[in-house]
1. Looking only at the stretch A:105-115, which residues are facing another protein chain (nearest Cβ under 10 Å) and hydrophobic (A, V, I, L, M, F, W, C)?
2. Here is a list of conditions, (1) surrounded by fewer than 24 Cβ atoms within 10 Å (Cβ to Cβ); (2) in contact with an Asp or Glu (Cβ under 6 Å, 6 or more places away or on another chain); (3) part of a helix (DSSP H, G or I), and B:Pro437 meets all of them except one; can you say which number that is?
3. Inspect the stretch B:362-374 for any residue being in the same structural domain as B:Asn175 (by TED's automatic domain parsing), at pLDDT 95 or above, exposed (fewer than 15 other Cβ atoms within 10 Å of the Cβ) and not acidic (Asp, Glu) and give the result as yes or no.
4. For the stretch B:483-505, name all the residues that are small (Gly, Ala, Ser) and modelled with pLDDT of 90 or more.
5. Checking B:Glu308 against (1) within 14 Å of another protein chain (Cβ to nearest Cβ); (2) closer than 23 Å to B:Pro264 by Cα; (3) without any contact (Cβ under 8 Å) to a residue 12 or more places away in the chain; (4) out of contact with any Lys or Arg (no Cβ under 9 Å at 6 or more places or on another chain), only one condition comes out false. Which one?
6. Here are the criteria: (1) in contact with a Leu (Cβ under 7 Å, 6 or more places away or on another chain); (2) within 20 Å of B:Ala361 (Cα to Cα); (3) among the hydrophobic types (A, V, I, L, M, F, W, C). Tell me which single one B:Phe69 does not satisfy.
7. Tell me which residues, restricted to the stretch A:207-224, are exposed (fewer than 15 other Cβ atoms within 10 Å of the Cβ) and away from every other protein chain (no Cβ under 13 Å).
8. Name the residue that is surrounded by the fewest Cβ atoms within 10 Å (Cβ to Cβ), counting only residues in the stretch B:132-148 that are assigned to a loop (DSSP other than H, G, I, E, B) and among the charged types (D, E, K, R).
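The values are calculated or read from the model by the stated rules, or taken from the named source; none is laboratory data. What you see is a predicted model; the values in this text were computed from it and never measured. Quick reminder, even Gly has a Cβ in these numbers, built from the backbone with ideal geometry, and neighbours come from all protein chains shown.
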Amino acid sequence: MIEKRYDVVVIGSGPAGLAAAIAAKKAGANDVVIIERDIELGGILLQCIHNGFGIEIFEEDLTGPEYAHRFIVQSKDVGVEALLDTMVLDLTPRREIYAINKRNGMIKIDVGAVVLAMGCRERPRGALAIPGYRPAGIYTAGTAQRLVNIEGYMPGERFVILGSGDIGMIMARRLTFEGAKVERMIEILPYISGLKRNYVQCLLDYDIPLQLKHTVIDIKGRDRVEAVVSAQVDENWKPIPGTEDTIPCDTLLLSVGLIPENELSKKAGVELDPLTGGPYVDETMQTNVPGIFAAGNVVHVYDLVDWVTKAGFLAGRYAGKYAIQQRRESERKLRVIAGNNVHHVLPHILDPLSLKREPQDLQLRVQWPVEDRIWINVEVDGKLIKQQAERYARPSEMIKVILSPEDYKKVVGAKELLIRVEER
Amino acid sequence: MDEIKEKYKEVKGKYDVIIIGAGLVGSIIARWLSKYNLNILLIDKEPDVSTGTSKANTAIIHAGYDSPFGTLRGKLVVDGNRMFYQMCEELEVPYKMCGTYVVALTDEDIKTLEKLMENGRKKGVPGLEIISGEEMRHREPYINPDVKGALYAPTGGIGDPFMLTVAAAENAVMNGTKILLETKALDFVVEPFSLHKKKVSGVVTNRGTFLADVTIASAGLYCDELMEKLGIKYDFYVRARKGEYYVFDKAKKLQVKTVLFPCPTPVTKGILVTTTIHDNMILGPTAKEIKDKEDTSVTPMGLEELYEGAKRLVPKLELTDVIRTFAGLRAGGFLHDFIIEAPPKYWGFINLAGIESPGMASSAAIAEYVVNLVQEQGLELRKKNNWNPIRKSRPDFSKLSLEEQGRLIEKNPLYGRIVCRCEIVTEGEIVAEIHAPIPARTYDAIKRRTWLGTGRCQGSFDTPRVIEILSRELGILPTDVIKESKGSNFLTRLTKEVPERGLND
């Protein structure tokens with residue numbers, strides 16, 4: 001198992017993750033790494049090849065990949081590292097990360113501060129319990145978007161889209177561009193759930209019919225979708241008998257909501273708000289677990305990417321500060337090491353500030369008996385700072401060496417304190 | 001039509017035994033027969049084993065207290081349960097021997113429990129015990145607080161019907177059995193035999209005719225259609241009985257740990273609340289007889305019935321964490337008993353009909369019973385001395401320790417890439433299944449073996465990646481990758497390619 005240490009680890013390289021990593025680095029964190037499960041940075045932005053990104057931050061109308069590119073370049077300029085094609089399996093409350101990839105196998109990372117930026121996932125069909133068959137040809141809008149824009153394949157030719165989320169509307173237009181027919185978009189609510197601008201630019205402009213207060217009540221087709229049955233719903237969202245309409249199609253896309261992706265957060269003991277599905281956060285985007293921050297759609301689902309980026313900057317800045325504080329604290333401390341013929345010595349770690357205040361005991365036991373006069377040597381970075389004479393040393397008897405506040409100046413700034421037994 | 005039949009009549013092989021149907025029962029029969037010096041062929045009409053009743057059921061290992069004393073089913077389930085766990089050990093298939101409970105909510109129900117216990121004890125079901133309501137509440141805290149008592153059957157549990165079928169078929173193949181998928185039995189080869197008997201001497205399939213000394217039909221829902229070809233009509237009918245199910249997210253807080261049955265009615269054991277071998281809570285099944293043997297659609301009425309039924313056992317149940325619904329069909333026999341026999345008018349032919357619940361728990365005993373019937377049909381059975389009962393399982397990444405996971409990736413880097421994030425399934429596991437003795441060549445075949453795509457995102461993340469892997473490993477176009485059956489393709493064409501129907505169709 002490879003073991004590493006980073007000041008800040010950002011999980012996910014979408015807009016929130018990229019911004020957080022850049023901000024952490026700019027805040028002074030030494031080493032910052034983004035862990036991304038896909039083979040390149042950018043997250044879902046890479047499959048969002050439509051425009052509409054960056055109007056708030058750049059005052060420009062960019063596509064998703066262009067928007068991501070600007071931050072990817074910036075992250076490289078400031079020296080952010082990336083672990084690609086890598087999946088985080090576990091995150092503990094003590095900020096230890098276990099991740100895997102093909103090249104390195106299992107990687108354990110100790111982290112000063114973590115930024116959760118895993119984004120969100122789409123609600124699947126099962127969550128709606130739509131009756132009917134379970135054939136091929138039922139996709140969430142985001143999966144269809146990946147197939148079309150990244151893989152370069154069409155998931156169908158005649159579509160019905162359930163739900164009027166933004167990805168659904170964007171895909172209605174995208175599929176139309178590719179020569180497919182979008183028969184209808186069906187929304188159970190009396191209003192669209194995505195942005196008005198997407199309704200105008202993606203549905204109205206392409207004459208794609210929108211049916212509000214309707215839902216899908218049946219899916220036909222055993223091997224591949226052959227038709228879906230829609231029906232109007234009453235005020236309790238129950239289908240109204242007699243309003244059924246069978247729509248022949250080969251694909252049903254679902255755009256019925258996004259859920260923050262917090263499986264890892266739960267493992268780390270991060271508390272979630274049942275209303276948003278994301279962590280409870282303070283004004284610095286820190287969760288209830290000290291040193292674990294969160295930003296973007298993992299916290300709550302945003303409307304515009306620009307706000308996600310800003311949330312990432314905020315979380316990253318504070319994560320960076322937190323990590324620096326952590327590093328200072330750990331650097332201040334000395335590791336006490338057992339050398340020649342020392343079985344073990346306590347304490348394992350010594351804070352020089354405590355030594356400045358009062359004398360500190362070092363308690364040790366030797367490994368083998370020496371029935372002769374010996375020195376107990378205390379060394380700091382190879383320099384002898386104290387010598388204690390003993391007439392013999394036996395494993396059955398503990399030996400005590402006392403460091404006094406006068407020794408403070410000799411140990412401050414050092415990393416290790418070595419205790420060893422030498423012949424006199 | 002005759003011309004087509006002629007075409008299929010070309011003899012493609014000669015075997016000692018042909019088994020029609022590679023479901024759980026057919027595959028386990030194949031494994032049992034592979035102990036002997038026989039040349040065996042196992043065929044199935046679908047591209048994978050375990051695609052019919054075996055793929056969509058409650059997966060309960062029944063203890064056997066409820067099937068009536070004196071019936072074949074009643075006997076085989078008790079014997080089968082006794083053999084089941086050892087079979088799982090040999091085939092390295094997971095199981096949970098967590099015990100099952102029949103829950104009594106009224107004093108009347110307690111009487112039913114006593115009857116069930118008596119029936120079970122008469123048949124030799126070990127360890128049966130009626131526990132108090134208080135004890136039941138202690139064991140399953142979310143149970144209906146009105147519970148009066150429960151019949152506890154310690155030998156009951158939860159199995160993995162897909163993997164058991166795959167493993168049994170694999171073990172049969174390891175021991176010399178030949179398997180042909182996408183091979184549908186269309187008709188039988190029948191010859192004169194004696195004054196009162198005809199001989200079934202083979203099977204006509206879409207891939208030619210295969211001859212055999214003994215033909216075994218383990219065709220599940222389709223057993224009656226095959227019997228019609230031989231003019232066998234039973235004085236009962238076999239109908240498809242639909243069972244619908246709800247599946248819950250693993251992360252659900254309200255979780256049942258064992259198997260909870262309501263008190264049974266004469267028709268059905270009722271709607272259970274239980275978990276899968278992978279710890280997803282499930283509710284089901286409904287029991288509705290239908291005509292269409294392929295109608296696995298989920299219905300609004302069925303779902304409503306499930307919820308209402310399950311709430312009687314676990315009143316706090318809410319549907320917010322449902323991640324999937326499904327329906328399966330079982331061969332519901334009118335007589336409520338297994339038919340496993342050599343029909344008197346034929347020689348060299350064995351038929352299995354009406355193998356519904358508790359088919360999985362009974363399976364090993366069914367196989368042993370069939371072995372005897374095969375012997376009675378004139379085949380001399382001699383045990384092979386090199387029969388290997390052990391089928392090694394392939395690594396389940398999510399069940400390994402961090403160190404073991406690290407070592408596995410070192411050996412094969414494909415285990416370092418997670419394809420299904422919810423269930424933690426790696427590319428290494430998928431590729432291993434694609435190239436296993438019974439190859440997983442479809443999305444659903446991989447899903448049944450690895451549990452990929454069964455979590456809370458229901459395949460949204462893994463589908464594009466699995467299509468890519470199947471295409472690469474099988475050397476086929478991504479557009480030819482299928483979900484389960486012929487025609488269930490995921491993709492239609494490349495983008496920028498003009499659709500065949502034209503743009504303005």
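1. Of everything in the stretch A:105-115, those that are facing another protein chain (nearest Cβ under 10 Å) and hydrophobic (A, V, I, L, M, F, W, C) turn out to be A:Met106, A:Ile107.
2. Only one criterion is unmet by B:Pro437, namely (3).
3. So far as the stretch B:362-374 goes, yes, one or more of its residues are in the same structural domain as B:Asn175 (by TED's automatic domain parsing), at pLDDT 95 or above, exposed (fewer than 15 other Cβ atoms within 10 Å of the Cβ) and not acidic (Asp, Glu).
4. Within the stretch B:483-505, B:Ser485, B:Gly487, B:Ser488 meet the criteria.
5. It fails just one condition, (1).
6. Single failed check for B:Phe69: (1).
7. Result: A:Pro209, single match.
8. Only one residue tops the list, namely B:Asp146.
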